[in-house]
C-alpha cells in the first residue's frame, strides 16, 4: 500500500479524484432534486467538442474548453427559461449539436492524435498538473458558493416560487450554478470521461436520499459517500488495469442497489 501511494501519478489521481468527488457531491442535490440532473450529461457532450476545439487551437485545451462549455451552459439555461423550449429539449439541442460538431472536427482536423476512446472514458492517471490545480480551484469555488448561498439555493431547490417571493435573484443564482457545473464537467471529462462524468453528479443525491431525512443530511451523506467511493474506485481500478471512471460508476451502482434491496428491511 505504501509503495502504491509513493507513485506521483497515483498521488495526483487521488487529489483530482477527491476534488471531483467533493465538487460533484456539492452540486448534486441542487441539480438532481431540482430536476436538472440531465444538464450534467448534456454539458459532458458539449465538453467533448470544447476539448477537441482546444486541442486543435491550443497547447492547453482546457483554456479553450472551459469558456466554451460555460457559454454553452448559459445558452442552455437561457433557452430553458423561454416558453417555447423546455429544459430537457434545450439540453438535448445544444449537446447534440456540439457533439456532432466535435465529431466533424475530429474527422477533418489536422494533427488530432488523441483517441476517441480516451475522450469517452477518460484516464485520471494521465491527468496533467494543470488539471489537478483546476480541479482544486473549482472545488474551492463550488464549496464557497454553496456555503455562502446555501439557504437561497435550498429555497430554489424546493420551492422556486417562494424563493422568488422572498426576493432571491433566482435567475442569477441559476446562471452561476450552471456555469460552475460546466467548469466541473470540463475537468471531469478529461479524467473520468464524457460518458461517465454525469454519473458522479447523479449518484450522490440518489444514494444519500435513501438514508437521509433532511436536505442538509442529504448533502452531507452525499459528500461522504462520494469521497469514499471515488477513492475506492481508484484503488480498485489501478491494480486491475480497468478504467477508473467505469469502476467508480459500478461501485456507485452496487451501493445504490444494495440500499434499495435492504431498505424495506429497515422498516420492518
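A compact table of results
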item	result
Shape call, region 133-180: gyration tensor on alpha carbons, a/c limit 1.5	prolate
Computed over region 41-81, Kirkwood Rh from alpha-carbon pairs, angstrom	10.2 Å
Anisotropy class of region 106-258 from Cα gyration tensor, a/c 1.5 cut	oblate
Point-to-point label distance, residue 228-residue 137, nm (Cα→Cβ direction, 7 Å offset)	3.3 nm
Anisotropy class of region 12-75 from Cα gyration tensor, a/c 1.5 cut	oblate
Euclidean distance of C-alpha centroids, region 162-184 and region 123-155, integer Å	16 Å
Using a Förster distance of 25 Å, the FRET efficiency for residue 104-residue 74 (Cβ separation, nearest 0.05)	0.60
Two-site FRET efficiency, residue 165 against residue 254, from Cβ-Cβ distance with R₀ of 51 Å, rounded to 0.05	0.75
Residue order, fewest to most surrounding Cβ atoms within 10 angstrom, among 191, 139, 157, 144	144, 157, 139, 191
Coordinate range along principal axes, alpha carbons of the chain, Å, largest first	53, 48, 31
Extension gain, residue 211 back to residue 11 (0.36 nm per residue minus Cα-Cα distance, nm)	68.9 nm
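The numbers here are math on the coordinates, done by the rules we state, and not lab data. All of these numbers come straight from a predicted model, not from anything done at the bench. Here Cβ is always computed from backbone atoms with ideal geometry, including for glycine, and neighbour counts include all displayed protein chains.
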